[in-house]
């Protein structure tokens, strides 16, 4: 299928007038969304804590915060990882779930997910 790339907008939760646009690779195997640190700092997204992640054949530590993401006109709150220079911008599965979106593997795009209220 190849990669699904999408354009996204990240907002500061406390001040939605502060936002930045970026492009990321959708990764349904990734839990969180990775946004370049410089973009998050530009809109003053606060670091909540530092967490450890398995990556690059070992373990890395990254700062984590909370922001609002918008994709395809849908907005939702997500945990974001402050990506470093070697990190690929990624749209993780929790962002897709928050927005009610899923990957269409046939078309290689995102589509509206069927949501269940159970």
Most exposed first by the Cβ proxy, i.e. fewest other Cβ within 10 Å, how do 56, 19 rank?
56, 19
Backbone N under 20 Å from the residue 97 label point (7 Å along Cα→Cβ), restricted to the stretch 6-43:
25-35
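Hey, what number do you get for the chain at 222 nm if only DSSP H runs of n ≥ 4 count, each worth -39500 (n - 2.57), divided across all residues, to the nearest 500?
-2500 deg cm²/dmol
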Residue 55 to residue 109: extension gain in nm, 0.36 nm per residue of separation minus the Cα-Cα distance?
16.9 nm
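Listing 4, 48 from the residue with the fewest other Cβ atoms within 10 Å to the one with the most, what is the order?
Working: 4 18, 48 12.
Sorted ascending by nearby Cβ count, the order is 48, 4.
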For the stretch 1-64, treating each Cα as an identical point scatterer without solvent, what Debye log10 I(q)/I(0) comes out at q = 0.11, 0.23 1/Å?
-0.31, -1.13
The residues 106, 10, 71, sorted from fewest to most surrounding Cβ atoms within 10 Å, come out as 106, 71, 10
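Estimate the FRET efficiency between residue 64 and residue 3 by the formula 1/(1 + (r/R0)^6), using the beta-carbon distance for r and 30 Å for R0, to the nearest 0.05.
Numbers: r = 24 Å, r/R0 = 0.80.
Between residue 64 and residue 3 the formula returns 0.80.
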Over the chain, calculate the relative contact order: mean separation of alpha carbon pairs under 8 Å at least 6 apart, over the residue count, as a percent.
30
Share, in percent, of DSSP beta bridges within the chain that are antiparallel, nearest 5:
85
Find how many whole Å separate the alpha carbon centroid of the stretch 1-64 from the alpha carbon centroid of the stretch 84-102.
7
So how many Å³ per residue does the convex hull of the Cα atoms of the stretch 5-112 work out to?
90
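Quick note: the coordinates plus some simple rules give every number you see, no bench work behind them. Quick caveat, the model's predicted, so the values are computed rather than measured. Using ideal geometry, Cβ is built from the backbone for each residue, glycine included, and neighbour counts are taken over all protein chains shown.
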